Amino acid sequence: MTDFTHGALYGGGIITVIMTLVALALWGERKMAARMQSRLGPTLVGPFGLLQPVADVLKLLQKEDIVPDEADRVLFNLAPPLGAIGALAVAAVVPFSASIIGADLDAGVLYLLAIGALGVLPVFIAGWGSNNKFALLGAMRAIAQSVSYEVPLVLAALVPVILTGTMKVSAIVEYQAQHHWLIAWPFFLGVPAFVLFMLAMLAESNRIPFDIPEAESELVAGITTEYTGMKFALFYMAEYLHTLIASAVAAALFLGGWDGPFAPGLHWMAAKTLGLFAFVYWVRWTLLRFRSDQLMALCWRWLVPTGVALVLGAALWVVFVG
Amino acid sequence: MTFDPGFTAVALVMIVSALFVVRARHLIHAALWLGVTLLATAVLYAQLNAPFLAGVQVLTYVGGLLTLMIFGVMVTRRHEGLDAAAESDGKDRGFIFATALFVILAVVTWTSAPVIASPAKVATTAELARALLDEYLIAFEALSLLLLAAIVGAVVLVRRRDAVPGAAADTPALPATPEVNP
């Protein structure tokens, strides 16, 4: 049973750290967005408004928990926890440092792609279970988007796999530590693959400019229309979790993970992850939302062909140069 | 044969969820139960020391196929509220065929090679890749060709629907959509 105890303790620790980070990220995002719009953001609760997330959670806890009469009760209640679990499950294979890694699976990249592919199910269950036309429209958009962007995501993730010759996430980071970060060399493969991965990841986690399933100005609030209180909060949190963990994955696959001079590996990994995370929010507060058809055109006309070309290029590179 | 609680639990989940798939009254419920069955299959693969197969199972079947099925239900059914009833005719025939298949598979499994005693050797992804793209390359490529043929066939069937007289009578009456591009 020691394995089990170890796993439970490790998982509990990682989840606690990530959840705390998400609460801080909420505050950070609001501050950053406020600065970008010449506002101050939260200032009243605690020093620099740092306790604002706590106040938010307390407020959400007190809200009435409403389930619509005509909703599919089981599915409606199942969706929010499933969303958060799906986002957290990916963290199992992320190497936070050379020694802090939950399960160093031989097919780690495959695992995280597979769990990521499950992410659309809670969204769909929520949309269908709500029995609300806006929620259903949101769910349909989410599925179309997820099915499409799954392709460039997988293609982009294949590039580091081909270049390093392994699907083990820790081995990919190890390779980069010994040779060079994949984004640095071969940069003509690494940089486009990284950009492709980030774009597809943004689309998968439904962030602006790809937040069409929610699209509050068109669909009320999309799939979250009928949700109140903590259930809504779970969706909201799952989105942040997804972005945070996907940033960690991108940092591990392309930016050398824990590798870096002068500081312990964990610090480097945290810096890279949070840097990417902040970048995602910078994009979110800068760009507008795509239209549904533009989103599909971008994926199938540009991202997928680019992805195929990158995979081919990586294979040729390995055969003839590397 | 020893009792394995982990395997028993997964097998029970698979059987019960598979029953729910065929007995569910809503198509969407049936599809979601199918997701449970497929995930349990992936867990079974993982228990059998085949993590790669488990990952591929989740990625293609749950992530791809199931999502496409749900998408198909949503775009082809007129959804008024939660109503997407799962209609099926020929339940008796289905029952007979399923039972026959089960008996055949059970007999074959029972009479074929004995169970491997120790846990099977864990094949790494690299070994699997070598086997697929080196030793069994011809079979692997032939399979992909077969899939391509199936895709082309599906496209042909869909495009030819109007040309077959009488075929339209069998399909449920869809609201007449004006031809955008005749």
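The values are calculated or read from the model by the stated rules, or taken from the named source; none is laboratory data. Note that the structure is predicted; figures quoted are calculated from it, not measured. Reconstructed Cβ throughout: ideal geometry from the backbone, glycine too, with neighbour counts over all protein chains shown.
Out of A:103, A:71, report the one residue that is within 11 Å of another protein chain (Cβ to nearest Cβ), surrounded by fewer than 23 Cβ atoms within 10 Å (Cβ to Cβ), among the aliphatic types (A, V, I, L, M) and more than 26 Å from residue A:230 (Cβ to Cβ).
A:103
Within the bounds of the stretch A:65-84, is there any residue that is in contact with a Lys or Arg (Cβ under 7 Å, 6 or more places away or on another chain) and closer than 16 Å to residue A:241 by Cα?
Yes, the stretch A:65-84 contains at least one residue that is in contact with a Lys or Arg (Cβ under 7 Å, 6 or more places away or on another chain) and closer than 16 Å to residue A:241 by Cα.
Only residues that are assigned to a loop (DSSP other than H, G, I, E, B) and in contact with an Asp or Glu (Cβ under 9 Å, 6 or more places away or on another chain): list them for the stretch A:78-108, please.
Hits for the stretch A:78-108 are A:95, A:98.
Does the stretch A:248-265 contain at least one residue that is surrounded by fewer than 14 Cβ atoms within 10 Å (Cβ to Cβ), within 28 Å of residue A:91 (Cβ to Cβ), free of Cβ contacts under 8 Å to residues at least 60 places away in the same chain and hydrophobic (A, V, I, L, M, F, W, C)?
Yes, the stretch A:248-265 has at least one match.
Look through the stretch A:115-140, keep the residues that are facing chain B (nearest Cβ under 8 Å) and either in contact with a strand residue (DSSP E or B) (Cβ under 8 Å, 6 or more places away or on another chain) or free of Cβ contacts under 8 Å to residues at least 24 places away in the same chain (or both), and return whichever of them is farthest from residue A:242 (Cα to Cα).
A:136
Can you tell me which of B:174, B:143, B:105 is modelled with pLDDT of 90 or more and outside the structural domain of residue B:15 (by TED's automatic domain parsing)?
Just one listed residue meets the conditions, B:143.
Taking the stretch A:21-46 as the region of interest, how many residues are part of a helix (DSSP H, G or I), without any contact (Cβ under 8 Å) to a residue 24 or more places away in the chain and among the aliphatic types (A, V, I, L, M)?
1
Looking at the stretch B:26-80, which of its residues are in a helix (DSSP H, G or I), in contact (Cβ under 8 Å) with a residue 40 or more places away in the chain, more than 10 Å from chain A (Cβ to nearest Cβ) and over 20 Å from residue B:15 (Cβ atoms)?
B:27 - this is the single residue of the stretch B:26-80 that is in a helix (DSSP H, G or I), in contact (Cβ under 8 Å) with a residue 40 or more places away in the chain, more than 10 Å from chain A (Cβ to nearest Cβ) and over 20 Å from residue B:15 (Cβ atoms).
When residue A:95 is evaluated against the numbered criteria (1) within 20 Å of residue A:3 (Cα to Cα); (2) surrounded by fewer than 19 Cβ atoms within 10 Å (Cβ to Cβ); (3) not charged (D, E, K, R), which criterion, by number, is the only one it fails?
It is condition (2) that residue A:95 fails.
How about the stretch A:93-122: which of its residues are under 14 Å from the mean Cα position of the chain (by Cα) and under 17 Å from residue B:62 (Cβ atoms)?
Of everything in the stretch A:93-122, those that are under 14 Å from the mean Cα position of the chain (by Cα) and under 17 Å from residue B:62 (Cβ atoms) turn out to be A:112, A:113, A:114, A:115, A:116, A:117, A:118, A:119, A:120.
For the stretch B:59-80, does any single residue satisfy the condition of being farther than 17 Å from residue A:117 by Cα, surrounded by fewer than 16 Cβ atoms within 10 Å (Cβ to Cβ) and at pLDDT 80 or above?
no
If residue A:159 satisfies every condition in (1) crowded, with 24+ Cβ neighbours inside 10 Å; (2) within 7 Å of chain B (Cβ to nearest Cβ); (3) in a helix (DSSP H, G or I); (4) of a type in the set (A, V, I, L, M, F, W, C) but one, which is the exception?
Checking residue A:159 against (1) crowded, with 24+ Cβ neighbours inside 10 Å; (2) within 7 Å of chain B (Cβ to nearest Cβ); (3) in a helix (DSSP H, G or I); (4) of a type in the set (A, V, I, L, M, F, W, C), the one that fails is (2).
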